[in-house]
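The block underneath contains the structure these notes are about, expressed in structure tokens.
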Amino acid sequence: MRIAILSRAPGSYATKRLVKATSDRGHEVRVLDTLRFGIDLASDEPELQYRGRPLPNFDAIIPRIGASITYFGTAVVRQFEQMDVYTPNTASAIAASRDKLRAFQILSRYDIGIPKSTFVRDRKDVPEAIRRVGGAPVVIKLIEGTQGIGVMLAPDAAIAEAIVETLHSADQNVLLQQFISESKGRDVRAFVIGSRVVAAMRRTAQGDEFRSNLHRGGSIAPVQLDPECERVAVRAAQILGLQVAGVDLLESDGGPLIIEVNSSPGLQGIEAATDLDVAGAIIDFVGNQVGFPSLDVRQKLGMAAGYGVADIVVRDGSDLVGQAIGDSSLRDLDVSVLMVQKNGHVHPNPRRDHILEVNDRLTCFGHLDSMRALAPERRRRKIQIDDLPGEPLPDL
Ligand SMILES: Nc1ncnc2c1ncn2[C@@H]1O[C@H](COP(=O)(O)OP(=O)(O)O)[C@@H](O)[C@H]1O
Ligand SMILES: [Mg+2]
């Protein structure tokens with residue numbers, strides 16, 4: 001196998017370890033500087049140039065895309081995907097996880113705990129926003145911060161307002177987040193590969209610091225995660241579409257809360273804390289996946305005009321209740337059931353004899369017109385429109 005590690009730092013611990021793990025397993029390996037690619041479009045076949053020369057074949061890439069080059073880096077990864085080269089983390093997954101707001105928007109649709117978070121733009125909306133996330137002290141975060149830089153704790157609403165305003169005036173988008181005080185100064189990093197946590201460590205901040213990042217002087221120790229933490233960490237990575245991820249969790253009184261999912265997690269801390277060969281585990285995983293290039297399902301299925309993927313909820317009283325999938329009306333409607341979600345459990349590729357029950361959520365592929373009638377009812381909000389202080393309507 002031939003593997004390319006996309007990295008701007010050939011001498012970094014992580015890159016060195018990945019190179020060694022790859023060659024130890026008898027594979028060919030190259031480190032390629034992410035910023036030296038040229039992405040050629042408009043040719044018949046998607047192509048990539050490297051340092052001005054056509055790229056030879058690779059079976060897989062391992063992208064290590066730093067926060068400062070997300071745009072170009074994800075474009076390079078996307079080009080590899082279009083060339084059917086396997087990548088454990090796709091461009092869209094990297095982009096979604098990098099943006100804390102976007103990641104939370106995606107995660108909050110599933111039963112994954114996250115600290116109460118809110119995003120506002122106008123200073124006047126800050127006091128209400130702080131109240132909604134549980135009051136001061138409140139955490140303020142830059143949307144694309146890393147290594148603890150850009151994470152602040154504001155002791156009261158007035159200071160929070162001033163910080164938010166300052167950051168906005170510097171064109172920085174910020175998130176307001178509930179301060180999980182019981183976890184002050186501690187977090188857990190779960191290293192997820194595929195559907196497993198392969199290593200985990202606890203990080204503890206130095207002195208009065210509340211941020212436990214290693215770059216902020218945090219110390220590390222191995223930790224045995226409880227099954228709930230493991231489940232949540234794996235699920236968060238999977239929901240975001242990352243096969244290699246560093247998932248950061250806070251242990252709150254109400255259970256684990258995800259604060260961040262990193263698509264290029266460091267290896268030095270986790271290998272030092274746990275004495276495990278995480279780099280080797282990544283290469284083993286990649287070796288097993290090559291041959292199944294990741295594909296963008298939405299994009300691919302969008303080619304069939306009029307067809308699409310939709311969730312259908314089996315409602316009480318529906319004629320689907322009690323029916324086996326194979327005998328139900330879905331087949332006649334040209335709708336295939338890809339997956340059933342039931343009480344938090346997922347049944348992929350359900351069999352024809354799978355009996356449908358009330359509240360099953362079916363992920364289906366089919367004709368959009370036939371599925372529209374079966375779509376879940378939209379949640380009705382109780383708030384009346386007259387209660388909303390809208391802007392005065394313009395004179396027409
Ligand atoms: N809501 C919170 N409550 C308490 N501590 C937090 C909270 N959010 C972050 N922290 C602390 O700050 C650190 C950095 O936050 P994080 O969101 O992971 O940003 P970064 O991307 O900079 O690492 C975390 O590792 C944790 O120790
Ligand atoms: Mg972090």
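Just so it is clear, none of the values below were taken in a lab; they were calculated from the coordinates. Just so we're clear, the structure is a prediction, and the values are computed from it rather than from any experiment. Cβ coordinates were reconstructed from backbone atoms using ideal geometry, including for glycine residues, and neighbour counts include every protein chain displayed.
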Low-density loop trypsin sites (Lys or Arg not before Pro), segment 1-56, at most 10 other Cβ within 10 Å, DSSP non-H/G/I/E/B, are R51
In cubic angstrom per residue, the convex hull of segment 297-372 built on its Cα atoms measures 85
By the Kirkwood definition, with r running over pairs of different Cα atoms, the chain has a hydrodynamic radius in Å of 23.6
The chain, Gaussian network, Cα under 10 Å: of N343, N262, N57, the residue fluctuating most is N343
Counting only DSSP beta bridges fully inside the chain, the antiparallel percentage to nearest 5 is 85
Between I5 and residues 5 or more places away or on another chain, the pairs with built amide H atoms under 5 Å apart involve R30, V31, L32, I62
Of all C-alpha pairs within segment 182-289, those more than 18 angstrom apart amount in percent to 45
Put in order of increasing Cβ neighbours within 10 Å, starting from the fewest, I383, I3 give I383, I3
Under 28 Å between C-alpha atoms, the lysine pairs in the chain lying 8 or more places apart or on different chains count 15
For segment 182-289 the mean separation of alpha carbon contacts under 8 Å (6+ apart) over residue count, i.e. relative contact order in percent, is 28
If each K or R counts +1 and each D or E counts -1, the residues other than G366 whose Cβ falls under 13 Å of its Cβ total -2
The value for segment 6-160 (convex hull of the alpha-carbon atoms, volume per residue, Å³) is 169
Computed over the chain, the relative contact order (Cα-Cα under 8 Å, seq sep at least six) in percent reads 13
In segment 2-97 the DSSP beta bridges are antiparallel at a rate, in percent to nearest 5, of 40
So, over other residues within a Cβ distance under 12 Å of E128, counting Lys, Arg +1 and Asp, Glu -1, the net charge is +1
Expected vector for segment 258-265, Karplus 3J(HN,Hα) from phi with 6.51, -1.76, 1.60 and θ = phi - 60°, integer Hz, x for Gly and Pro, equals 7, 10, 6, 10, 9, 8, 10, x
Env charge @ Q147, Cβ radius under 10 Å, K,R +1 / D,E -1, value +2
For segment 264-356, averaging the sequence separation of alpha carbon pairs under 8 Å that lie six or more residues apart and dividing by its residue count, the contact order in percent is 19
Fewest to most Cβ atoms within 10 Å: D332, D125, D395 sort as D395, D332, D125
Going residue by residue through segment 45-50, the Karplus relation 6.51 cos²θ - 1.76 cosθ + 1.60 with θ = phi - 60° gives ³J(HN,Hα) values, rounded to whole Hz and with x marking Gly or Pro, of 10, x, 10, 9, 10, 10
